[in-house]
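Written out below as structure tokens is the structure these notes cover.
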Amino acid sequence: MDYDYLHNNDSEIADTVDDQVSSDKPRILLMGLQRSGKSSIQRVVFGKMPPNDTLYLESTIKIQKEDITRSFIDFQIWDFPGQVNYFDMTYDSQEIFGTVGALIFVIDAQDDYGEALHRLFYTVTGAFRVNPSITFEVLIHKVDGLSDDYKIDTQRDIQQRMGDALADAQMEHIHLTYYLTSIYDHSIYEAFSKIIQKLIRELPTLENLLNVLCSNSGIDKAYLFDTLTKIYIATDSSPVDMPSYELCSDMIDVVIDIECIYGVADRTQSSSPEIGMDDTRLDGRELMQSPTSGGSSMDRGSRGGGASEGSSSDAAQHNRAPSPMEAEASSLIKLDNGDVLYMREVNRLLVLICLLRQDNFEKHGLIDYNFQCFKEAVTEVFEFSQKRNTQQRQLSVTDGQESQST
């Protein structure tokens, strides 16, 4: 299939590509037609832009690159203009796709997606020839205004048509993963969580640690979240259901909102005063907060063998500056159905959020001890990952210098 795409601002885009290809970080490419929602996704997920503000974004005319370096998440995300054919002879496809970890193609489900499927086929087959190790992800986007039946029919139709096109081209071995997404709900975060997990080499180790924690602590479900993006980088082996994920994701917003009111502006200064809260309850997806001066459902700075339960020591805690060892956050939210959401901060980049029954939480001393063991193990894995990444970058720089000298 040959398609004639526009080449607006080719020289500017080519210069941008040349400037970026020297980086050795794995890349995630956001591609798709114009106005399909690529830039909105990037701004909402990684830039924390309110979804309604994306209505005023202009069309992308050159590559928008962003470095994402947080805990185990370490990659570059490139937002490509929708009107340019990067397999044209004007560009070096090897330089663009050679080190790509994932290619995300965005399809506007509310528009006629016939042309988008042609572009998807052209992009996937071309990128696969350059780099067969790329994982291909398809976001069937803007489904918030569609009925459930229409969403399912649209996804089935897209999968069927792409499967037939790849089979006709004898390239059915190319695997595409499809997601129904919208920036107005949790679906986009759920999709990016699964996409990014494929790029995390430490994922099997993290999953095993979470499985051990859950089995030894009576925890029903556990997520390891990146605090900024609300992407969970690992979870235990039990199935993920959207309601529990949405509750855990909303809990991060609750903690951040309360911290903005009662906490310190910069938590990286290791100064987080304790916050007292009465029981915080959730009814479905509605979050209701009742901050008081005496309770302790949210404890800022508690760690070690047990959670803080008394209110008599709260005043003393308020009157002294917390030590760096007490700078981690913890939070407890009781649900109307009797379950408990329990959050513990692993470090300033990662939080562990667990869902468990209230009777199991009575053994919170055991849970806190097991959490400390889990935290130490995750820290060791993270330090090893950082050391390996540093060595690989140094080796890459050395190889580049040697190739230039020859």
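General remarks:
- Hits in the stretch 344-378 - residues which are closer than 15 Å to Thr235 by Cα and without any contact (Cβ under 8 Å) to a residue 60 or more places away in the chain: Arg344, Lys375
- The set of residues in the stretch 24-61 that are touching a helix residue (DSSP H, G or I) at 6+ places or on another chain (Cβ under 7 Å), outside any loop (DSSP other than H, G, I, E, B) and of a type in the set (A, V, I, L, M, F, W, C) comprises Leu30, Met31, Ile41, Val44, Val45.
- Exactly one residue among Asp220, Asp226 is in contact (Cβ under 8 Å) with a residue 60 or more places away in the chain, closer than 24 Å to Asp253 by Cα, open to solvent by 30 Å² or more (accessible area, probe 1.4 Å) and not hydrophobic (A, V, I, L, M, F, W, C), and that residue is Asp220.
- A count restricted to the stretch 81-102 and to residues that are open to solvent by 20 Å² or more (accessible area, probe 1.4 Å) and assigned to a strand (DSSP E or B) stands at 0.
- Beta carbons closer than 6 Å, at least 6 apart along the sequence or on distinct chains, pair a first residue in the stretch 135-155 that is within 19 Å of Leu120 (Cα to Cα) with a second that is of a type outside the set (Val, Ile, Thr) and open to solvent by 70 Å² or more (accessible area, probe 1.4 Å) for Thr135/Lys198; Lys142/Gln110.
- Scanning the stretch 167-177 for any residue that is within 18 Å of the chain's Cα centre (by Cα) and not charged (D, E, K, R) turns up at least one such residue.
- Filtered by the rule that a residue be more than 25 Å from Gln358 (Cβ to Cβ), over 10 Å from the mean Cα position of the chain (by Cα) and either assigned to a strand (DSSP E or B) or of a type outside the set (D, E, K, R) (or both), the stretch 189-233 gives Leu199, Ile200, Leu203, Pro204, Thr205, Leu206, Asn208.
- The sole residue among Tyr179, Tyr184 that is within 21 Å of Pro239 (Cβ to Cβ), in contact with a helix residue (DSSP H, G or I) (Cβ under 6 Å, 6 or more places away or on another chain) and not in a helix (DSSP H, G or I) is Tyr179.
- Residue among Ile183, Ile134 that is closer than 23 Å to Pro243 by Cα and buried (at least 19 other Cβ atoms within 10 Å of the Cβ): Ile183
- Of the residues making up the stretch 363-394, those that are farther than 14 Å from Leu352 by Cβ, polar (S, T, N, Q) and open to solvent by less than 80 Å² (accessible area, probe 1.4 Å) are Ser385, Gln386, Asn389, Thr390.
The values are calculated or read from the model by the stated rules, or taken from the named source; none is laboratory data. Nothing here was measured: the structure is a model prediction, and the numbers come from that model. So basically every Cβ, Gly included, is an ideal-geometry build from the backbone, and we count neighbours across all protein chains shown. Quick note on the areas: whole protein, heavy atoms, side chains included, nothing else; ligands and nucleic acids left out. Shrake-Rupley method; radii C 1.70, N 1.55, O 1.52, S 1.80 Å.
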